[in-house]
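Report on the structure given below.
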Amino acid sequence: MTENDAEYETNMQADVGQVVQQLTEVEGEEQAEVFSEILNDSEPGTIALALESLPLDERYERWQQVEFADRVTVLSLMRADPRMGILKRMPDNEVDLLFAQLSPEDLIEWSDYLPESFTDRALAQMGERQRQRFELYDQYSENEIGRYTDHQMLVLSDKASVAQAQRFFRRIELDCNDNLFIVDDQDKYQGTVRRYDIFKHNPDELLISLLSEDSRALSADTSLLEAAEAIEHSREIELPVIDESGELIGRVTLRTATALVREHYEAQLMATAGMDESDDLFAPIMKGAQRRAVWLGINLLTAFLASATIGLFENVLSQVVALAVLMPIVASMGGIAGSQSLTLMIRGMAMGQISAGNLFSLMKNELGIGIVNGFLWAIVIGLVSGWWFGEATIGIVIGCAILINMAVAAIAGVVVPMVLQKFNQDAALSGSVILTTVTDVVGFFTFLGMATLLYL
């Protein structure tokens with residue numbers, strides 16, 4: 001992100017925060033008046049965030065003030081849960097009218113969280129060509145770029161002239177459009193011609209003679225992150241997307257790729273707490289409680305496992321009270337060390353940088369870092385603990401436990417996400433819980449086990 005981009009994003013956040021503050025500080029008719037001003041002065045994205053900031057009843061009241069022509073755009077910019085909450089409260093005839101305005105691309109994005117009955121209703125409002133395009137995109141999974149391609153692009157036959165391309169660029173304005181894609185009679189992708197080359201050549205020349213030597217296309221089954229990385233490295237603002245037969249099915253723009261990556265990492269952030277990035281800020285209490293209860297239950301099981309480990313050493317704990325005071329330090333240091341390795345691994349896996357060839361080297365590197373930091377903090381914590389309780393033995397015990405736990409944590413931070421990936425599990429969702437369990441159990445067992453040997 002450039003300095004200008006960062007400044008723009010900061011200003012946008014400040015604007016949204018100001019709008020939300022104005023809206024949430026008032027109620028009733030006064031709130032309706034404030035929201036009318038927001039509708040006149042704000043972008044659809046700001047309006048969507050403002051609506052999400054309101055409790056459910058107030059949200060729907062303000063939603064009814066949104067102009068019908070703007071409703072699809074605003075809903076598309078909202079999270080899935082708030083969007084679905086509004087759709088469920090709308091009368092059936094209004095929902096059908098709204099669905100009639102949806103493009104296949106909009107419906108693809110909505111359908112990731114939309115009940116099948118609603119998707120069918122939306123498809124019923126579309127023409128045959130639109131339904132075919134929806135089915136074309138719907139064959140790809142939520143992690144494949146073919147699902148989110150944009151069909152609005154400049155395309156000409158390999159027999160077209162430069163003059164035709166120049167007319168295209170003069171008459172048609174598209175977002176993130178700097179290229180024209182060439183296809184043959186079977187719609188097979190032939191290459192890309194840049195706007196700059198089109199306007200500097202003779203109008204009578206054939207476009208096929210201007211194909212860029214470095215033209216490239218993305219396969220529709222390319223992952224979202226790989227597609228975003230491809231655009232970044234290509235220095236293009238759009239790339240064509242082709243199916244397995246080489247037919248051009250659409251394009252992906254830099255704007256789309258950036259949005260998809262942002263949503264991906266936001267989803268990962270929410271997943272670390274067992275939540276979904278589509279969750280509503282004002283979700284119904286029982287619905288929100290149900291979603292979070294599962295994750296709390298999983299954490300409870302891991303906590304019982306750690307507690308059971310502690311219970312094995314009840315005798316030494318009853319005789320050496322200082323051990324109970326120091327146990328959280330052992331678990332905390334191991335947990336932090338492991339989370340650092342885990343975060344590094346998850347990022348590397350997301351960027352496609354981790355493979356069987358470099359996994360062992362990475363593990364050695366992380367183990368080395370864990371041992372160095374383990375020695376350093378084992379000495380510091382051991383000296384402090386020994387001075388605190390006036391006993392050298394307890395300093396030695398906790399120092400050794402810190403060293404061992406931090407080394408194990410470093411290895412676990414590398415191994416756990418790889419194992420989860422092998423079983424097709426999301427490392428961002430499950431990794432932190434498993435890692436915490438490992439560091440707690442190993443830390444407590446090592447600390448209390450050594451104490452038992454030395455004290456009993």
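The values are calculated or read from the model by the stated rules, or taken from the named source; none is laboratory data. Just so we're clear, the structure is a prediction, and the values are computed from it rather than from any experiment. Cβ coordinates were reconstructed from backbone atoms using ideal geometry, including for glycine residues, and neighbour counts include every protein chain displayed. Please note that ligands, DNA and RNA were not included when accessible areas were found on the heavy atoms of the full protein model with its side chains. Shrake-Rupley method; radii C 1.70, N 1.55, O 1.52, S 1.80 Å.
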Checked pairs for the range 313-328, first within 15 Å of T393 (Cβ to Cβ), second at pLDDT below 85 and among the aromatic types (F, W, Y), C-beta under 9 Å and 6 or more apart or across chains, list as V316/Y455; Q319/Y455; V320/Y455; L323/Y455
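Yes or no, residue by residue, for (1) in contact with a Leu (Cβ under 6 Å, 6 or more places away or on another chain); (2) basic (K, R); (3) over 23 Å from L136 (Cα atoms):
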residue	(1), (2), (3)
R167	no, yes, yes
D178	no, no, yes
D214	no, no, yes
D221	no, no, no
E229	no, no, yes
E247	no, no, no
A257	no, no, no
Within the range 118-149, residues being buried (at least 19 other Cβ atoms within 10 Å of the Cβ) and not polar (S, T, N, Q) number 11
Yes/no for A69 being at pLDDT 90 or above and surrounded by fewer than 17 Cβ atoms within 10 Å (Cβ to Cβ)
yes
Subset of the range 78-116, residues surrounded by fewer than 18 Cβ atoms within 10 Å (Cβ to Cβ), part of a helix (DSSP H, G or I) and over 27 Å from the mean Cα position of the chain (by Cα), comes to R89, D92, N93, E94, D96, L97
Condition (residue is modelled with pLDDT of 90 or more and part of a strand (DSSP E or B)) applied to the range 132-140: is it met by at least one residue? no
Of the residues in the range 290-331, those that are surrounded by 15 or more Cβ atoms within 10 Å (Cβ to Cβ) and among the hydroxyl-bearing types (S, T, Y) come to T302, T309
The residue that is most open to solvent (accessible area, probe 1.4 Å), considering only those in the range 200-225 that are in contact with a strand residue (DSSP E or B) (Cβ under 8 Å, 6 or more places away or on another chain) and not in a loop (DSSP other than H, G, I, E, B), is L206
Discussion item. Against the condition over 27 Å from V261 (Cβ atoms) and within 34 Å of the chain's Cα centre (by Cα), how does L300 come out, does it pass?
Written reply: yes
Test: V380 is part of a helix (DSSP H, G or I), over 30 Å from Q319 (Cα atoms) and of a type outside the set (S, T, N, Q):
no
